[in-house]
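Worksheet for the structure shown next.
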Amino acid sequence: MCILILLSAVIWMLRAGSRGQKVVAYCAQDQVYAEPIFQDFEKETGVKVLAVYDSEAVKTVGLANRLLAEQSHPQCDVFWGNEEMRTRQLASKGLFDPTNGWGAFGSRSRRLVINTNKVSPAAAPHRLFDLTNEIWRGKVALAYPQFGTTAAQFHALRQVWGDEAWKTWCRALAANKPFLLDGNSVVVSTTGRGDAWVGLTDSDDAAAGEREGLPVSLLPVNEDTLLIPNTVAIIRGAPHLAAARRLLQYLQRPEIAGRLVAAKALEGSSPSLLAGQSLKVNWDALLRDLETTTKELGEIF
């Protein structure tokens, strides 16, 4: 009994000592999934999370650019990314605390989604090369490929396919009159309405569409699939370093990935669980070509 009382007192003192503390988090994970996690962290620690979220249209890119602009005068403590490419870009520019670096947890995937009222799985395009066929003209939806996970996949495809094959495919896809949309959730809703028959999106957005009753279904993982982990890092020069370390440790707990999997924000608790058939990326080479590829995507699309 005395031990329990002592433990309760210690926990109370720790929480009391955290009152008034805060941590600033720039978060590319969808607010609907991240906010309850931040709230539970606040309840457990007494540390207030001041979260800044990105817009659907420019996911991760907007926050990455903001962090770069603030590099000499950091405002953010913790960056919670929803894809790997921009996190690696920030790491290469020295944005993250050298003691903690950055970590990845869980994963989801970039895949094709179909409207099951318009096309059967057997008749659907199974490789991205198929999207340039005449039969899919005006029936494909994707987010602008300069941003977010769509950008990461297009950059990875260039590396795997080679420059000429990639450029030919991009130009043929653009010529096939796809819907270019402001984010992956819009891709799913456009496909679910039947305006498009096929969409290129993230697995969590497709899962959300299914929950809403849309007639959509993901096609299987294949060699065009990009796996997308969540990432977390402390910013170099974080204004609230002690609180930032507490939030970093909290987000890396296995039960946090488990919660995101249960909510279908992630497909697996570890990136390796889905690694079979998927794009294999040389990230150092991809980052060297990042600006060139982004410029070319803007010119083509």
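The values are calculated or read from the model by the stated rules, or taken from the named source; none is laboratory data. Just so we're clear, the structure is a prediction, and the values are computed from it rather than from any experiment. Cβ placement follows ideal geometry from the backbone for every residue including glycine, while neighbour counts extend to all protein chains displayed. Note: accessible area is taken over every heavy atom of the protein model, side chains too, but ligands, DNA and RNA are not part of it. Shrake-Rupley method; radii C 1.70, N 1.55, O 1.52, S 1.80 Å.
Here are a few things to note about the model shown:
- Accessible surface for the chain, divided over its residues, is 44 Å² per residue with a 1.4 Å probe.
- Dipole magnitude of the chain about its Cα centre (Cβ charges: Lys, Arg +1; Asp, Glu -1), debye to nearest 20: 400 debye
- Estimated distance in nm for a label pair at Gln252 and Leu68, the labels positioned 7 Å out from Cα along Cα-to-Cβ: 2.6 nm
- Distance violations [Cα-Cα > 27 Å] among Lys177/Lys280; Lys93/Lys295; Lys118/Lys264: Lys177/Lys280
- Within the accessible surface of region 94-147, defined with a 1.4 Å probe on protein heavy atoms only, the carbon and sulfur portion equals 51 percent.
- Modelled spin-label separation between Gln21 and Lys280, with each label point placed 7 Å from Cα along the Cα-to-Cβ direction: 4.3 nm.
- Long-range tail of P(r) for region 110-201 (Cα pairs > 16 Å, %): 51 percent
- Once the C-beta distance of Ala51 and Glu212 is scaled by a Förster radius of 22 Å, the resulting FRET efficiency is 0.35 to the nearest 0.05.
- Global form of region 219-301, assessed from the alpha-carbon gyration tensor, a/c cut-off 1.5: oblate
- Folded to 0 to 90 degrees: helix 2-18 orientation relative to the chain principal axis, Cα: 70 degrees
- Separation between Cα centres of region 212-262 and region 77-137, rounded to whole Å: 13 Å
- Rounded percent of accessible protein surface that carbon and sulfur make up, region 165-280, 1.4 Å probe: 54 percent
- Computed per residue of the chain from DSSP H runs no shorter than four, each worth -39500 (n - 2.57), the mean residue ellipticity at 222 nm is -13500 deg cm²/dmol.
- Dipole orientation for the chain: of the candidates Leu219, Val49, Ala124, Val49 has the Cα lying most toward the positive pole (charges on Cβ; Lys, Arg +1; Asp, Glu -1).
- Between Glu134 and Thr292, the simple spin-label model (points 7 angstrom out along Cα→Cβ) gives 3.5 nm.
- Selection from Ser278, Ala242, Gln31 lying farthest towards where the dipole of the chain points positive, charges on Cβ: Ala242
- With eigenvalues of the C-alpha gyration tensor scaled by 5 and rooted, the chain, Å: 38, 22, 15
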